[in-house]
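Below you'll find the structure, written out as structure tokens, and then a few comments.
All of the numbers you see were taken from the coordinates with simple rules; none came from a lab. All values reported here derive from a predicted model rather than from experimental measurement. Backbone-built Cβ (ideal geometry, glycine too); neighbour counts: all protein chains shown.
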Amino acid sequence: MSLRSICVFCASSPGTDSALLDVAREVGAGLARRGIRVVYGGGGSGLMGALADGALGEGGEVVGIIPGFMVDREWGRQDLTELHVVDSMHERKARMAEHADAFLVLPGGIGTLEEFFEVWTWRQIGLHSTPIALLDAHTGSGQGFWQPLLSALRGIYEAGFVSEASLEDVVVAATLEAALEGLAERASAGETCILRPGS
Ligand code: AMP
């Protein structure tokens, strides 16, 4: 299955390492160059804004899905291909998931982590079959951004609270190219799930 639309979760803040802003911009541009539509939270700040800049700069399609209260705070971008204004954070996540063939998680904070863990948990219990990748982008210090989280997860695995299958179910990749390869492989496995039987 080819990936036509990818939902990207990432930081709404710029963070302290400008290399990660560049990564987000490059990911947006790279997806646009491959003709892949970007679906994201519709914000204009931080890595979210850089992601949209990168994709729009390459003439890509960008769909933002944002709750009304964030638009009222002027957090939404007005120059996207489409901006869907929804009633709640829950509706936002459901709509983002509906529009995506895969989830890609870039560096971020607690909002990004919450989004990642929800889609991962839901995949683990069979509520959807959309593949998930963590982009373990290198920070200025040379370490993959998600390494501390991956260490914590390995500790949780050793304690017997997460299965090896669950850990292996998430693609971890240092580059967009490798992430897309892993996602496409899992997407074409044609797994079935409760919400999309036979998909
Ligand atoms: P974080 O990783 O904590 O920056 O959270 C990213 C997520 O937080 C986004 O997907 C949004 O749900 C939400 N968010 C927080 N601040 C903003 C903002 N200024 N604009 C848009 N979304 C935001």
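For the chain, divide the Cα radius of gyration by the Kirkwood radius and give the resulting Rg/Rh value with two decimals.
0.95
Between Leu149 and Asp22, the modelled label-to-label distance comes to 2.2 nm, taking each label 7 Å out from Cα in the direction of the beta carbon.
Using the Stokes-Einstein relation with a Kirkwood hydrodynamic radius computed over Cα pairs, the translational diffusion coefficient of segment 1-107 at 10 °C and a viscosity of 1.306 mPa s comes to 119 µm²/s. Remark on segment 100-189: ratio of C-alpha radius of gyration to 2.2 N^0.38 Å is 1.05.
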